[in-house]
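What follows is a set of notes on a single structure, which appears directly below.
The values are calculated or read from the model by the stated rules, or taken from the named source; none is laboratory data. These numbers were taken from a predicted model, which means no experiment stands behind them. Counting neighbours? That spans all protein chains shown, and the Cβs are built from the backbone with ideal geometry, glycine included. Heads up: the accessible areas ignore ligands, DNA and RNA and are worked out on the full protein's heavy atoms, side chains in. Shrake-Rupley method; radii C 1.70, N 1.55, O 1.52, S 1.80 Å.
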Amino acid sequence: MAKLTVKDVELTGKKVLVRVDFNVPLKDGVITNDNRISAALPTINYILEQGGRAILFSHLGRVKEEADKAGKSLAPVAKALSEKLGKPVVFTGTTRGAELETAIEALKDGEILLVENTRFEDIDGKKESKNDAELGKYWAGLGDGIFVNDAFGTAHRAHASNVGISANVEKAVAGFLLENEIAYIQEAVEAPVRPFVAILGGSKVSDKIGVIENLLSKADKVIIGGGMTYTFLKAQGIEIGDSLVEADKLEVAKELLAKSNGKLILPVDSKEANAFAGYTELKDTEGDAIDAGFLGLDIGPKSIKQFDAELTGAKTVVWNGPMGVFENPDFQAGTVGVMDSIVKQPGVKSIIGGGDSAAAAINLGYADKFSWISTGGGASMELLEGKVLPGLASLTEK
Ligand SMILES: Nc1ncnc2c1ncn2[C@@H]1O[C@H](COP(=O)(O)OP(=O)(O)OP(=O)(O)O)[C@@H](O)[C@H]1O
Ligand SMILES: O=C(O)[C@H](O)COP(=O)(O)O
């Protein structure tokens, strides 16, 4: 990568500022998925092994007013991190002030501190999310001039705790997770080993227009599944019953189809039910049309075969968005089928672009079968769209 990385800087004895993305799901104070914490460990361990004093920053959820702070303290994360590292993690529950500064000064080489949720600074004028100049400078001043950004999941944001700190330190460098995410996703899109097939699913076309457009210009094929299928079908005058549709995106869908040069592959059948929940009828459609009074909730068996054929021989596959309502076992077959088709290709570089598809792969036992599962939802989408990520752009050039 063209940016300095954590390997390029001297860390021993230094107070090293580190941005991680510990925005993990919490239920009643319990972390329900700690992948993002595990993914940050190589960078944290490396800094500690080098004798650095690690000062970690992360946001958790979105905080607009005082009441939003409830349940969004990073205290449970500090505990989980301490367990994973097998050493104490200092946590003062503050984002600034004397108590935090004293705790940082007391850190010894190889010790670690976690600052409280950076978005607690959003209550008073959105200082974190608006990249308030004073806040970035203050946080930068807590270290010794080195900032390690390992928060890929937040790299599409220009906030005080990433670009604000970067702007006020001597060297802003990438951590191992950020470096790997960029290497896998960007290289897959910009310099893919071909054939390169992209598979896009999920609920809405509107979320993925930019991604579809960019991938149509880079990939050999772009397979579409999930809820957004039906906007594309309706755009061609095909009956879609009560399936999910974005009426205001029919024109865009038409345009994408027109300029796709046959690269855009749509399902040829669906699994349909007579209600989203509590349905009494469930069947496979004959062709691509959905019956009146039914909704398409997964791709059908012919599509699973068709997508398998399209994926045969693929050397690079990028997948984002489930093929159906995978949370319900009745509508899981499409997502499972596509995962099977991807991972069985010999020598394939297979990448999942975060979000719900990452959750589906992990929950359905496919985590180890993919080359890379991104820890970023929005960030990986913006990378797939070909956008510049501010969190990456603000790092020091090599
Ligand atoms: N045919 C369908 N009809 C309705 N909902 C669907 C259909 N197919 C998939 N979904 C739903 O789409 C949701 C995932 O869509 P989303 O666009 O959020 O995916 P994603 O891009 O992987 O996730 P994220 O936005 O978290 O990155 C799932 O909850 C799934 O149930
Ligand atoms: O979960 C994510 O996508 C990142 O942590 C960014 O969170 P945000 O969308 O609240 O900025």
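Things worth noting here:
- Tensor-based shape of segment 93-133 (alpha-carbon gyration tensor, a/c under 1.5 rounded, otherwise prolate or oblate): prolate
- In segment 32-121, the GluC sites (Glu not before Pro) that fall in loop regions by DSSP, at most 12 other Cβ within 10 Å: E65
- Ordered by solvent-accessible area of protein heavy atoms (1.4 Å probe), largest first, the residues W139, W372 come out as W372, W139.
- Accessible area in square angstrom per residue, the chain, 1.4 angstrom probe: 40
- Where labels lie 7 Å past Cα in the beta-carbon direction, separation of R194 and K263 in nm: 1.0
- Using the Cβ-Cβ distance between D34 and A292 with R0 set to 41 Å, the FRET efficiency works out to roughly 0.35.
- Loop-located trypsin sites (Lys or Arg not before Pro) in segment 24-95 (DSSP state other than H, G, I, E, B) with a sparse environment of at most 15 neighbouring Cβ atoms within 10 Å: R62, K64.
- Area accessible to solvent at H156, 1.4 Å probe radius, in Å²: 30
- Sequence-separation-based contact order of segment 1-152, relative, with Cα cut under 8 Å and 6+ spacing, percent: 33
- Calculated [θ] (222 nm, deg cm²/dmol) that DSSP helices of n ≥ 4 give over the chain, each run adding -39,500 (n - 2.57): -9000 deg cm²/dmol
- Using only side-chain charges placed at the Cβ, +1 for Lys and Arg and -1 for Asp and Glu, the dipole size of segment 1-140 relative to its Cα centre rounds to 320 debye.
- In this entry, segment 278-317 is assigned a mean projected area of 3.8 nm², taken as a quarter of its C-alpha convex hull surface.
- Carbon + sulfur, % of accessible area of segment 79-151 - ligands and nucleic acids excluded, 1.4 Å: 52
- Percentage relative contact order, the chain, counting C-alpha pairs under 8 Å, at least six apart: 16
- Each Lys and Arg adds +1 at its Cβ and each Asp and Glu adds -1 at its Cβ; summed about the Cα centre, the chain shows a dipole of about 840 debye.
- Listed residue (A292, A258, V9) projecting farthest to the positive dipole end of the chain, Cβ model: V9
- Debye intensity ratio I(q)/I(0), log10, segment 50-105, q values 0.22 Å⁻¹ (C-alpha model): -1.02
- Restraint check, K108/K171; K27/K171; K127/K204; K130/K387; K84/K130; K3/K79, Cα-Cα greater than 27 Å: K27/K171; K127/K204; K84/K130; K3/K79
- Largest first and in whole Å, the equivalent-ellipsoid semi-axes of the chain read 42, 22, 19, each the square root of five times a Cα gyration tensor eigenvalue.
- The residue list T335, I199, M228 was ranked by how far each Cα lies along the charge dipole of the chain toward its positive end, using unit charges on Cβ atoms, and I199 comes out on top.
- Of the beta bridges in the chain, as assigned by DSSP with both residues counted there, near 20 percent are antiparallel.
- Whole-Hz ³J(HN,Hα) from phi, Karplus 6.51 cos²θ - 1.76 cosθ + 1.60, for segment 190-207, glycine and proline x: 8, 9, x, 7, 9, x, 10, 10, 10, 10, 10, x, x, 7, 10, 5, 4, 6
- Alpha-carbon centroids, segment 207-285 and segment 93-123: separation in whole Å: 48
- Accessible-area value, V211, 1.4 Å probe, nucleic acids and ligands omitted, Å²: 0
- Based on the convex hull around the alpha carbon atoms, segment 26-70 presents an average projected area of 4.3 nm².
- Cα shape, segment 65-136, gyration tensor, a/c 1.5 rule: oblate
- Divide the volume of the convex hull around the Cα atoms of segment 264-398 by the residue count and you get 136 Å³ per residue.
- The GluC sites (Glu not before Pro) of segment 217-312 that meet both conditions, a loop assignment by DSSP and at most 11 other Cβ atoms within 10 Å of the site Cβ, are E281, E286.
- Inter-centroid distance (Cα atoms) of segment 338-398 relative to segment 1-64, Å: 19
- Whether segment 11-134 is rounded, prolate or oblate, judged on the alpha carbon gyration tensor where a/c under 1.5 counts as rounded: oblate
- Cα centroid separation - segment 67-87 against segment 145-186, whole Å: 21
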